[in-house]
Amino acid sequence: MDVNYALLQTLTLMSKVVPIMLVSLILSNAPFSLPQFSRVGEFINNLIRFSKLKSGFAIASFLIHPIVGISSLSAMYRAGKLSFRETACSAALSMLPRGFRAALLFLAPVAVSVFGVEIGLLFVSLDLISRLVVFL
């Protein structure tokens, strides 16, 4: 195969995928600024209550940013509000909000732009369901 032909095909594909991916990445940040997003945090807090941990807020703060979540857990541990065991369990449970954030910010825009809307959203849904199963 001619190298120039392969390069041309790659550039053609990139010219179709990259603009969609860029717009998707920008739009995927919008849900985090909506007031309705607080419902997701409430949902995670309700799930955490079943584990009898006191770190629901810290785990939900992983939705904002992983560093915010780690900082919250660290502050609660240093203040004596969490034991080492509770802190370790909370860090493990943080996989759901971290996965939700990663799926919404990175996986969804890439999957939808590469695989199309139906298959891309199915792929993201399966990823989120698997994370929820691990979380539970």
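The values are calculated or read from the model by the stated rules, or taken from the named source; none is laboratory data. Note that this is a predicted model, so its numbers are computed, not measured. Reconstructed Cβ throughout: ideal geometry from the backbone, glycine too, with neighbour counts over all protein chains shown. These area figures cover heavy atoms from the full protein model, side chains too; ligands, DNA and RNA do not enter into them. Shrake-Rupley method; radii C 1.70, N 1.55, O 1.52, S 1.80 Å.
Please state the relative contact order of the chain as a whole percent: Cα pairs under 8 Å, 6+ residues apart?
23 percent
Could you tell me which of LEU73, VAL17, TYR5 has its Cα farthest along the dipole of the chain towards the positive end, charges placed at Cβ (Lys, Arg +1; Asp, Glu -1), taken about the Cα centre?
Of the candidates, LEU73 comes out farthest on the positive side.
Is it possible to state the helix-based mean residue ellipticity at 222 nm for the chain, with each DSSP H run of 4+ residues giving -39500 (n - 2.57), the sum divided by total residues, to the nearest 500 deg cm²/dmol? What is it? Don't jump to the answer; show the numbers that get you there.
Numbers: 8 runs with 101 residues, N = 136.
Using -39500 (n - 2.57) per qualifying helix, the result is -23500 deg cm²/dmol.
Suppose every K and R has +1 on its Cβ and every D and E has -1 on its Cβ; what is the size of the dipole of segment 3-134 about the Cα centre, in Debye to the nearest 20?
Dipole of segment 3-134, to the nearest 20 debye: 540 debye.
What label, among [x] 1.34; [y] 0.97; [z] 1.29, belongs to Cα Rg over 2.2 N^0.38 Å computed from the structure on display?
Of the listed options [x] 1.34; [y] 0.97; [z] 1.29, [x] comes from this structure.
Averaged per residue, what accessible surface does the chain expose to a 1.4 Å probe, in Å²? Present the calculation step by step, with values, prior to reporting the outcome.
Values: 8970 Å² over 136 residues.
Each residue of the chain exposes 66 Å² on average to a 1.4 Å probe.
Could you name the aspartates and glutamates in cross-link range of LYS52, using Cα to Cα under 20 Å and dropping any fewer than eight places away on the same chain?
GLU42, GLU86
Connecting C-alpha atoms closer than 10 Å in a GNM of the chain, tell me which of ALA111, ALA79, ALA103 has the biggest fluctuation.
Comparing ALA111, ALA79, ALA103 in a Gaussian network model of the chain, the most mobile one is ALA79.
Please check: in the Gaussian network model of the chain (C-alpha springs, under 10 Å), which one of ALA75, ALA108, ALA91 has the largest mean-square fluctuation.
Of ALA75, ALA108, ALA91, the Gaussian network model singles out ALA75 as fluctuating most.
If each residue of separation counts as 0.36 nm, what is the full-extension length gain between LEU22 and LYS81 once their alpha-carbon separation is subtracted?
Gain on extension, LEU22 to LYS81, equals 17.1 nm.
Based on DSSP H assignment, which helices of the chain show an axial Cα extent of at least 24 Å together with a mean Kyte-Doolittle hydropathy greater than or equal to -0.5?
Passing helices, by number: 3-28, 117-135.
Could you tell me what percent of the accessible area of the chain is made up of carbon and sulfur, with a 1.4 Å probe and every protein chain present?
72 percent
Going highest first, how would you order 14-21, 56-63 by mean Cβ packing within 10 Å?
Final packing ranking: 56-63, 14-21.
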